[in-house]
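Comments concern the structure below.
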Amino acid sequence: MVRRILPFLAPVLWMVFIFFLSSQPVLPGPNVFWQDFLFKKSAHIIVYTVLFFLWYRAFSLSSKKKLYMLPFLLTL
């Protein structure tokens with residue numbers, strides 16, 4: 001039972017981390033507009049890509065089938 005639940009701990013903790021970062025009123029970043037824009041957009045892409053792969057890994061370890069759509073929907 002624990003072996004089936006344990007893989008889901010990583011994406012849930014990553015979601016808590018994303019929530020914590022997004023609840024901060026100000027995060028450090030460059031003062032130039034286009035650099036700040038690029039930095040924040042790149043950070044979003046990276047953070048949510050990691051979340052997708054964590055969900056994908058959790059579902060791959062808990063079932064025999066390769067699921068792509070469910071991790072995508074949970075990340076979305």
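The values are calculated or read from the model by the stated rules, or taken from the named source; none is laboratory data. Being a predicted model, the structure only gives us computed values, none of them experimental. Virtual Cβ from ideal backbone geometry, glycine too; neighbours counted across all protein chains shown. Areas reflect the complete protein model, heavy atoms only, side chains present, ligands, DNA and RNA absent. Shrake-Rupley method; radii C 1.70, N 1.55, O 1.52, S 1.80 Å.
Couple of notes before you dig in:
- Of all residues in the stretch 23-44, those being assigned to a helix (DSSP H, G or I) and not aromatic (Phe, Trp, Tyr) number 8.
- Among the residues of the stretch 53-76, the ones that are more than 17 Å from ARG4 (Cα to Cα) and open to solvent by less than 40 Å² (accessible area, probe 1.4 Å) come to 1 in all.
- Of all the numbered requirements in (1) within 30 Å of ARG3 (Cβ to Cβ); (2) exposed (fewer than 13 other Cβ atoms within 10 Å of the Cβ); (3) of a type in the set (Gly, Ala, Ser), SER42 misses one, and that requirement is (1).
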